[in-house]
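Written out below as structure tokens is the structure these notes cover.
The values are calculated or read from the model by the stated rules, or taken from the named source; none is laboratory data. This one's a predicted model, so the numbers in the text were calculated from it and none came from an experiment. Every residue, glycine among them, receives a Cβ derived from its backbone with ideal geometry; neighbour counts consider all protein chains shown.
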Amino acid sequence: MKHKSWKLVLACTCLSTVLAACGSGSEGAAGSGKASREAANQPAKQEELKPVTIRLFPNQQVTDADFKKLIADPVKKKYPHITVEMVAKDSAKWLPDYVASGEIMDLVTIWNGTLPSYEDLGLYEDITPLAKKFNLDLSRFDQGALDTIREVAPNKELYALPYGVQINALYYNKDIFDKFGVPYPKDGMTWDDAMELSKKLTREENGIAYRGLDPESLTRMLFPMSLNVVDNKTQKSSVNTEPYKRVFDLTNRIYSLPGNKPKTLTQNAADVFIKEKNVAMLATVNMFDKLRTDPGFQWDVAQYPSYSERPNTFGMFDLHTIFITKTSKHKDDAMRVLEVLFSDEVQMISTKETGRVSPLKDPKFNQAFGADMPHLKGKSLQSIFKSKPAQSPPFSMFYTKGIALLRNSFAEVADGKKDVNTALREADEKINQMIETDKKK
């Protein structure tokens with residue numbers, strides 16, 4: 001972003017702050033100042049509200065159907081004066097590009113791991129005061145999820161709220177298990193248990209090469225160990241350590257099972273599982289929406305495999321979040337949108353109809369998960385909730401580039417080109433070099 005653009009953004013922000021300060025009254029006779037402050041802290045009555053358009057930028061993708069079902073329609077129903085529209089996002093551009101162009105946005109959806117990368121855009125501020133003003137009870141949320149978001153901020157401010165919590169599960173192709181007479185996966189398996197099961201399923205028959213177990217990617221295997229490549233405090237690589245060796249060793253052992261390595265480590269594991277149907281088990285995130293595309297596919301789901309030292313633990317807090325921009329001119333109405341989104345009614349629609357895990361901790365939401373999605377009928381969905389996410393350390397702004405370098409190093413191990421120790425040592429050096437280069441930019 002050009003320096004002049006930042007000056008403009010900063011100037012606008014400062015001006016709005018000054019104007020807000022000028023509008024505040026002082027304490028007067030007979031307690032009138034106190035009454036004014038109390039009145040200012042109360043949401044306006046419906047008849048006093050003026051028509052407004054709230055613009056949402058989907059940095060974390062939101063489908064048109066889900067936007068209409070979970071945001072636009074229910075907000076319009078409760079608050080007729082509010083129209084929520086979604087910015088048409090160019091897939092080749094990201095949030096900084098839109099901020100630099102002067103795009104107006106009041107709400108932004110974003111993955112929690114990306115929050116640190118965009119902190120210098122000047123869009124974040126603590127959402128707690130607005131939540132209090134509109135009686136949005138933050139104690140209803142999974143506090144582990146909120147703490148994960150607070151870790152991003154220097155003083156533990158809450159920049160955003162999670163509207164979806166990622167899950168991990170072990171999906172399996174029942175036809176392959178039936179074909180080879182192997183019992184279906186059980187809940188509570190370790191990765192070693194899953195590998196033993198995989199050995200019974202990885203084989204070639206009638207010209208088809210069947211693979212027993214796909215862990216999807218190195219990235220997915222790192223998360224249950226709360227590993228995120230770059231230490232956010234020191235901004236240094238943390239990969240040349242024992243926990244990363246543990247993950248490299250285990251993931252490589254899975255791929256090294258004879259016949260179990262995929263054609264490429266960069267292929268879309270979900271597409272292969274669903275379309276090619278030659279993978280017996282896939283350990284990955286929520287792909288229930290994709291599975292609706294093939295009604296005849298005989299699949300089910302079991303609890304995600306655990307590291308033996310971390311039983312009943314999957315992924316780390318992997319959150320789809322939404323925040324009100326610091327530069328928004330309609331923060332109260334943007335908060336009304338969030339008030340509706342996080343209502344019990346809309347969260348129940350979200351979990352029943354779109355297959356999202358609610359951030360609200362009331363067990364009724366998990367119990368209703370996928371209830372109105374016909375292709376999930378009869379599936380062992382409650383197996384998913386037998387695991388809990390690992391604690392997520394704060395991500396660094398260098399995470400995205402760092403994990404790409406680490407994946408490249410793991411590919412060299414999986415291809416037999418380098419041993420684990422050498423690959424991690426070299427990855428550590430490359431990641432630190434990348435960080436220093438980016439800092440200079």
For the range 20-111, which strands (runs of 3 or more DSSP E) that fit wholly inside it have 1 or more residues that are among the hydrophobic types (A, V, I, L, M, F, W, C), on the phi > 0 side of the Ramachandran plot and modelled with pLDDT of 95 or more? none
Taking first residues from the range 328-348 that are assigned by TED's automatic domain parsing to the domain that holds Thr128 and second residues anywhere that are basic (Lys, Arg) and surrounded by 20 or more Cβ atoms within 10 Å (Cβ to Cβ), the pairs with Cβ under 7 Å that are 6 or more apart or on different chains are none
If you go through Asp289, Asp294, Asp271, the only one that is in contact (Cβ under 8 Å) with a residue 24 or more places away in the chain and charged (D, E, K, R) is Asp289
Can you tell me which of (1) touching a Ser or Thr at 6+ places or on another chain (Cβ under 8 Å); (2) outside the structural domain of Glu103 (by TED's automatic domain parsing); (3) not in a loop (DSSP other than H, G, I, E, B) is the one Tyr304 doesn't meet? (3)
Unique match (being over 26 Å from Leu56 (Cα atoms) and within 19 Å of the chain's Cα centre (by Cα)) among Thr321, Thr293, Thr284: Thr284
Within the range 309-342, the residues that are basic (Lys, Arg), part of a loop (DSSP other than H, G, I, E, B) and in contact with a helix residue (DSSP H, G or I) (Cβ under 7 Å, 6 or more places away or on another chain) are Lys326
Do any strands (runs of 3 or more DSSP E) lying entirely in the range 153-242 carry at least 2 residues that are within 22 Å of Asn408 (Cβ to Cβ) and among the hydrophobic types (A, V, I, L, M, F, W, C), and which ones are they? none
Give the residue, chosen from Asn252, Asn228, that is at pLDDT 95 or above and surrounded by 14 or more Cβ atoms within 10 Å (Cβ to Cβ). Asn252
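Okay, residues lined up against (1) over 30 Å from Glu276 (Cα atoms); (2) not polar (S, T, N, Q):
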site	(1), (2)
Pro215	no, yes
Met221	no, yes
Asp231	yes, yes
Lys236	yes, yes
Val239	yes, yes
Pro243	yes, yes
Arg246	yes, yes
Tyr255	no, yes
Asn260	no, no
Are there any pairs with C-beta distances below 8 angstrom linking a residue in the range 167-178 that is farther than 20 Å from Lys386 by Cβ to a residue that is surrounded by 24 or more Cβ atoms within 10 Å (Cβ to Cβ) and among the hydroxyl-bearing types (Ser, Thr, Tyr), with the two at least 6 apart or on different chains, and if so which? none
Matching residues in the range 66-117 - criterion: being closer than 30 Å to Lys439 by Cβ, crowded, with 19+ Cβ neighbours inside 10 Å and within 17 Å of the chain's Cα centre (by Cα): Leu95, Val108, Thr109, Ile110, Asn112, Gly113, Leu115, Pro116, Ser117
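Residues are listed down the side, and each one gets a yes or a no for (1) under 20 Å from Gly416 (Cα atoms); (2) under 25 Å from the mean Cα position of the chain (by Cα):
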position: Arg203; (1), (2): no, no
position: Tyr210; (1), (2): no, no
position: Pro215; (1), (2): yes, yes
position: Thr219; (1), (2): yes, yes
position: Pro224; (1), (2): no, yes
position: Asn240; (1), (2): yes, no
position: Pro243; (1), (2): no, yes
position: Phe248; (1), (2): yes, yes
position: Gly259; (1), (2): yes, no
Reported set for the range 266-301 where residues are assigned to a helix (DSSP H, G or I) and of a type in the set (A, V, I, L, M, F, W, C) is Ala269, Ala270, Val272, Phe273, Ile274, Leu291
In the range 316-337, anything crowded, with 24+ Cβ neighbours inside 10 Å and aliphatic (A, V, I, L, M) is listed as Met316, Leu319, Ile322, Ile324, Ala334, Val337
Any residue that is surrounded by 14 or more Cβ atoms within 10 Å (Cβ to Cβ), charged (D, E, K, R), at negative phi and modelled with pLDDT of 95 or more - is there at least one of those in the range 277-284? no
